[in-house]
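As structure tokens, the structure follows; a few thoughts come after it.
The values are calculated or read from the model by the stated rules, or taken from the named source; none is laboratory data. Small disclaimer: the values here were computed from a predicted structure and weren't measured. Positions of Cβ are backbone-derived with ideal geometry, glycine not excepted, and every protein chain shown enters the neighbour counts.
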Amino acid sequence: MASSNTERFDQRYEAVDRWPAHELVSGALAIQQEALRAVAAATEALAEAIVVLAARLQRGGRMVYAGAGSSGLIAQMDALEMPGTFGIDLDRVPVILAGGAEALRTLPSGVEDDIGAAEAAVDRLDVNADDGLVAVAASGSTPFTLAALRRARARGAATIGIACVANSPLLSECHHPILIETPPELIAGSTRMGAGTAQKCALNILSTGVATRLGHVYAGLMVNMRPENAKLKHRAIQIVSQAADVGQGTAERALVETNWSVKTAIVMCAAAVDAGAARERLAASGGHIHAALSQGPAAHGPRQGIGS
């Protein structure tokens, strides 16, 4: 087996198949906790990547993900959550996934070596200098992911690599390396476990940080969410009520008038302007509520109590 931690056998877990269930749970949890500590060690690198990616999206570019196997599925899940949570369209966060849509059902392993498919996917998306590509691979050497990163870099994109192995090709060849050096796995080589947790955490931090810098978070609230069902409409009413310090009835009326645009409703209520003026303020401020409210009466301090 490879000497990297992602593949290394740890004698502490030699008898894991004979452990009682409670010991197995405790051991697995310990690995997850160590994985999160590894993410914490990458704080500066994650912060740098957030700034780079947010700048690309701000000027009309995209945050492109690339990955294979479990890493690719984690990337796909992160991207799929962006529209509902932050109102970022899927075409702004495309995923280059080894095996394509079929990988979402069967996770074929052979496609991880398909360099040509990775290069073709980058070309098909027309990845360019306006974009940032986030390549994720626990080993840092998956051929598909590495090929996508190399192609994107050659086309002028900013490249971010996330891997769990120091000095791996993915980290050596990207513009912004993020090393998340996770410990040996409970089951040697099963990087869907500790390494998978670390990758999920890192991508969650990246996408949340990017969305926040784009102005999709205000006063700790997700103000660019899409209220597309009854539960989310109720949450939108609560968000507007809390952010603008108005009653829920007032918040709901503003949301209806703005076609359920949470940001517009907040500015409308907090600045005491009509929907058109609220939209103009947001357009002038690049979608940032703080800046939009600085043009007139500001909201009172947000109240507590948004429910799930």
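Which of the residues spanning the range 15-73 are out of contact with any strand residue (DSSP E or B) (no Cβ under 7 Å at 6 or more places or on another chain) and acidic (Asp, Glu)? Passing the criteria: ASP17, GLU23, GLU34, GLU44.
Of the residues ASN224, ASN204, the single one that is in contact (Cβ under 8 Å) with a residue 40 or more places away in the chain and crowded, with 19+ Cβ neighbours inside 10 Å is ASN224. Does the range 169-181 include one or more residues that are of a type in the set (Ser, Thr, Tyr) and buried (at least 19 other Cβ atoms within 10 Å of the Cβ)? The answer is no, given that none of the residues of the range 169-181 is of a type in the set (Ser, Thr, Tyr) and buried (at least 19 other Cβ atoms within 10 Å of the Cβ). Residues that are at positive phi and either surrounded by fewer than 24 Cβ atoms within 10 Å (Cβ to Cβ) or not assigned by TED's automatic domain parsing to the domain that holds ASP113 (or both): does the range 150-157 have at least one? Yes, the range 150-157 contains at least one residue that is at positive phi and either surrounded by fewer than 24 Cβ atoms within 10 Å (Cβ to Cβ) or not assigned by TED's automatic domain parsing to the domain that holds ASP113 (or both).
The range 105-183 holds strands (runs of 3 or more DSSP E) entirely within its bounds, and those carrying 2 or more residues that are among the β-branched types (Val, Ile, Thr) map to 132-136, 158-163.
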